[in-house]
Amino acid sequence: MKRSFKVSICIFTFTLIFTSFSSAQTTFILEDFSTAAATTSPNWSIFLLNGNDNMGAGAWRFDNPGGRAALAPFTSPFAISDSDFAGLVAFTSALVSAPMNAAAANQVIVDFDYMFRQLGATATMEVYDGTSWNVAATLAQNDTGAGTNTRVSFNVTTLMAGTSKGRIRFAHTANFDWWYAVDNIHVFEPNPVDVACGPITAPTFSAFDCVQNLGASETISLDIINNGGTSILPGSLISITVILDGTTVLTEFTSPIVALTSGSTLSYTTTGTVNLSAGGTHTLQIITTTIGDSNALNDTCTVVYTSPSFAPRNYGYSESFDTLPSNGGSFTMTVFAVPTAWENAQNDAASLAGNSAPDWGPNSGTTGSNQGPSADATTGSASGIYMYIEDSSSQAGDIELRSPCLDTSGGVGSPTVQFQHFSHAPAALTSDNVLEIDVINETSGGVVAMSVATLPGYGVNTWNKVQVDLTAFVPDIVKIQFRTNNNNGTFTDDVSIDDFLFFDSFTPTGQAPQLINATYDINNAYNNLGLQVQSGSPGPYLTQVTAGGTMTMSWTGQNNGIVLCLFGPANNGVATFPGVGQLDIGTLPLDGNGIPGFIFIFGDGSPGAQFPFGPLFNSFFATGPAGSGGVSFQIPNFVPGPLTRFQCVMNPGGLFFLSNAVDVVVF
C-alpha cells in the first residue's frame, strides 16, 4: 500500500514539474523507508554517538520493535529509536542521511513527520554544513502513546545551501525513556511558488477520549508557510480546504495583505465552522495551495483526534466483568471482549506479538493447572468472570488494560481505586509477572504516571484486595492502566483482576457498630479503613453485591429484639439521639420529632408488619433468643453503581439503639 501511494505521488509531481512549469523543484531526499529492512535502510546510516544502546535495541530501526502505534500519515515501515524497548541504558543514537550536493541551491527546506514521546529525552534534527554538525530543530513531545504525529518544515538554507557535502541526521538522547520516530522525509530546494500547510493551531486536540470539549461549530486556525523561492503578492489567492473523515466540509480562500516573503508565515482562521462534536476517533485534514504550487507533499496538515464517547465515571463506579463472555481459558484469540469504555491498549506488545502475547481477556474458572484462580472474586463461583493476562514462556513487552475515565473531583476524602488481584507468583519483585498500576492523567493531555503501585504475586491461591490512592491527581480526570508482561520464565503465573471500584475514601465519621446492642452487616462489608463490622470501627461500611446475586443481611444485639431496617440517602450525622446513636441516612430539615426526611422502611420485625414484603418477610427482622438474626434474598437486575445506604434500629425490651450504616454498590 505504501509503495503504490508513493508511486502515485511521484507520478503526480513529475507531471506537474515537467509539463506545467519551467522552474523545477530540486529534490535531495524523498524518503518513506518503504525499502528498509529491520535494521538498515538504503542511503541511511545509524551511529551510536555515545552511551550504550543495548546492542542496538535502542538504535534507530525500521521494524518498530516496541510495537508503537503510529497514525497516518505514518505508514510501516518507518524509522524509530525506542528507548523503552532498549531498557535501562543511556545513549544517543543518530540516523544519518547520505551526502547531498546543495552547492547550487538558493534555499534548502527539510520537511518530515515525527512522533516523539519523552520523560526527559531530547529529539533533534541536525544539519551537516560540510564541516560540522548543527542543531536545526529541537522537537517538542507530540505523542503520549496513541500514535499522534506532526509534520514540520524547517528552512536550513544558512546551514546547507552552498555545500556539496550536506547531510541531515535525527538524534535521540534518552535514558530508559520513550521513543522518537520519523517518516516521509523531504529535503528540497523549493519551487518559486510553494505554499505549505503549517501546524493546525486551534482548536486544541487531544489523542485521548476523556477531556475533549470540541463543539458543533468550531473554526479552524492554522499557519500557511511560503516555502517557495519568491514572495506571494497581495491579491494572490490561497485556497484552504477542510476535510473531515474523507469528506470535504469547508473550502475558503485568503490573500496576504502584504507580500508574503519566502520562509514567512501567514496565520489564518476560517470564517466558516466545522462540526467536531461527534464522539469517536476522527481524521481532520487541511489542504493549502495556490496557483503555480507544484509541490503537493507539504500541502496537507493532518490531525487524528478523539472526542469522548463515554462520560467520565464518578465515585461509586464499579465493574465486576461478569457481563462479559468467557474466553474459556483460551489465549489463542486475537480480540478479547472488554466492558464498555474499557480498552486493551492498541500500541502494546500484544498488538505486535500476536497470539504469543495476547491481550487482557475475560475468563471463568481456572486458566489452567496452578495458573490462575479457580473462581472469580465477585461470586466465588467457577462461572463468574474476571480479567486476566496469560503468562506464556515467550518473551514480550508490556501489555496494558485501561479503565474508563475517572473524575477525581468533588470528593471529601481521597479518591481511591480498589480491585481484587490474583497471582500465585512469588511474593517478590523478581517474579516473572509483576502487575504495575499506572495512572494516565487525561486532563494533562495523557501524561502517564508510571508504577503508582507495583504488585508482585502472593505465593498463594487467593484473591487479594488492593487499594490505590489517587489524591495526587485531584481534581483531574484519569484512567487506570493495568500493565504486566509475558517475560521469559515459567508459564504458571497468570495475572488476574476482578471487582474494580472507584470511591471517595475518607476517615469514617459515621455511627460505629454497637457491639453489644446493635451491629449490622451486608455481605461482609468494610469501612474506609478496610475494617469489617466486627472491629467496632466507625462507619459507614461499604459492600458490593452482584445484580441477580444474593444479598445477606445480618445483625446482632440484645436477645429477642425487634429490628427496624431503614434505607435512604447517605448523610453522616444528620441526626443524633443521646443514648441511642447517630443517624447516617436522610435529609434535612428534621421534622418536629427530630427525624430526617426521605427515610424508608425496608424490614420491620414488629408483629403484623405489612411493609414492604408482608409478615413472613418481616418476621425475620429480629435478634431472637441468641441475640442475632439475618435474611438473604436475591438482588434484582439493578443498573451497576451505587444503590442506597441501609441502617437499622434495634429495639430490645423498649430500648432503642442505632446500628452502623452500610452502603451498597451493585456490580
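The values are calculated or read from the model by the stated rules, or taken from the named source; none is laboratory data. Just so it is clear, the structure is predicted and the values come from calculations on it, not from any experiment. Every residue, glycine as well, gets a Cβ built from its backbone with ideal geometry; the counts of neighbours run over all protein chains shown. Only protein heavy atoms, including side chains, enter the accessible area calculation; ligands, DNA and RNA are left aside. Shrake-Rupley method; radii C 1.70, N 1.55, O 1.52, S 1.80 Å.
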Diffing the stretch 409-422: the Karplus 3J(HN,Hα) column from phi (6.51, -1.76, 1.60, θ = phi - 60°), in whole Hz with x for Gly and Pro, holds 7, x, x, 10, x, 10, x, 9, 9, 10, 7, 9, 10, 10
Work out how much length VAL412 to THR158 would gain on full extension: take 0.36 nm times their residue separation and subtract the Cα-Cα distance, in nm to one decimal. 85.5 nm
Using a simple spin-label model with points 7 Å from Cα along the Cα→Cβ vector, what separation in nm is obtained for VAL466 and LEU244? 4.1
Under the Karplus relation with 6.51, -1.76 and 1.60 and θ = phi - 60°, whole-Hz ³J(HN,Hα) for the stretch 540-547, x at Gly and Pro, equal x, 9, 10, 9, 10, 10, 9, 4
Leaving ligands, DNA and RNA out of it, work out the accessible area of ILE232 with a 1.4 Å probe and give it in Å² to the nearest 10. 20
So for the pair MET55, THR35, with labels modelled 7 Å out along Cα→Cβ, what separation do we get in nm? 3.1
Computed ³J(HN,Hα) along the stretch 258-270: with the Karplus parameters 6.51/-1.76/1.60, θ = phi - 60°, integer Hz and x for glycine or proline, the list is 10, 4, 8, 6, 4, x, 8, 10, 10, 8, 9, 10, 5
Pull up all non-local amide H partners of THR26: gap of 5 or more, or a different chain, and H-to-H distance under 5 Å with H placed in the peptide plane. GLU189
The set of residues whose placed amide H lies less than 5 Å from the amide H of ALA105, leaving out same-chain residues fewer than 5 positions away, is GLY162
Exposure ranking of TYR526, TYR128 by accessible area [1.4 Å probe, largest first]: TYR128, TYR526
Which order do PHE506, PHE602, PHE33 take when ranked by solvent-accessible area (1.4 Å probe, heavy atoms of all protein chains), largest first? PHE506, PHE602, PHE33
Label the chain by shape, choosing from rounded, prolate and oblate, from the square roots a ≥ b ≥ c of the eigenvalues of the Cα gyration tensor; if a/c is under 1.5 it is rounded, and otherwise prolate applies when a/b is larger than b/c, oblate when it is not. prolate
Expressed in nm to one decimal, what extension gain is obtained for the pair LEU588 and THR454 from 0.36 nm per residue of sequence separation less their Cα-Cα distance? 43.8 nm
For PHE598, the accessible surface traced by a 1.4 Å probe with all protein chains present amounts, in square angstrom to the nearest 10, to 140
Mind giving me the FRET efficiency for GLN346 and THR271? R0 is 35 Å, r the Cβ-Cβ distance, nearest 0.05 is fine. 0.45
To the nearest 0.05, how large is the calculated FRET efficiency for ALA72 and ILE601 if R₀ is 56 Å and r is the Cβ-Cβ distance? 0.35
Helix 2-20: angle to the longest alpha-carbon principal axis of the chain, degrees 0 to 90, nearest 10? 40
Efficiency of FRET between VAL135 and ILE257 - r from beta-carbon atoms, R0 41 angstrom, step 0.05: 0.75
Could you list which residues have their amide H under 5 Å from that of THR219, counting only those 5 or more apart in sequence or on another chain, with H placed in the peptide plane? VAL274
